[in-house]
1. So if I check each of R58, R78, R42, which one is in contact (Cβ under 8 Å) with a residue 40 or more places away in the chain, charged (D, E, K, R) and closer than 19 Å to I6 by Cα?
2. Would you be able to tell me the number of residues in the stretch 3-12 that are out of contact with any Leu (no Cβ under 7 Å at 6 or more places or on another chain) and surrounded by 13 or more Cβ atoms within 10 Å (Cβ to Cβ)?
3. Can you tell me which of V21, V39 is among the β-branched types (V, I, T), outside any helix (DSSP H, G or I), open to solvent by less than 70 Å² (accessible area, probe 1.4 Å) and on the phi < 0 side of the Ramachandran plot?
4. Could you list all residues from the stretch 62-94 that are under 12 Å from the mean Cα position of the chain (by Cα) and open to solvent by 60 Å² or more (accessible area, probe 1.4 Å)?
Amino acid sequence: MEYSCICGACTVTSNHKPMAVYCCHCSDCQKSSGTDYQVNARFKPGQLKINAPEGGLRNFRKEESLAERVYCRTCQVRVYVDRWGQDGSLALQV
């Protein structure tokens, strides 16, 4: 599997199947997707290889949120989501 942002500067690759594919209905996912839910694929720690240029990623986390969203600094597309205080897994929007 290979995923990239719109401009192609940031890529994510994996040879593994996700441990879960799910629909999240939290308000943060609704806002970021512009719909009632967002479909995510969650991968175990170390199963995703994230490639980005030096300084090419920017992080955003609301103070009360468990999730940190990581975006391409150039095209502003989300690359992955990291849930703080969880199991170290990462999620991709699918």
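1. Values: R58 fails: in contact (Cβ under 8 Å) with a residue 40 or more places away in the chain; R42 fails: closer than 19 Å to I6 by Cα.
Only one candidate passes the filter, namely R78.
2. 5
3. Numbers: V21 fails: open to solvent by less than 70 Å² (accessible area, probe 1.4 Å).
Going through V21, V39 in turn, just one is among the β-branched types (V, I, T), outside any helix (DSSP H, G or I), open to solvent by less than 70 Å² (accessible area, probe 1.4 Å) and on the phi < 0 side of the Ramachandran plot: V39.
4. R83, Q93, V94
The values are calculated or read from the model by the stated rules, or taken from the named source; none is laboratory data. A quick note: this is a predicted structure, and the numbers were derived from the prediction, not measured. A quick note on method: Cβ atoms are made from the backbone with ideal geometry, for glycine too, and the neighbour counts reach across all protein chains shown. Keep in mind that these areas ignore ligands, DNA and RNA; they rest on the heavy atoms of the full protein, side chains included. Shrake-Rupley method; radii C 1.70, N 1.55, O 1.52, S 1.80 Å.
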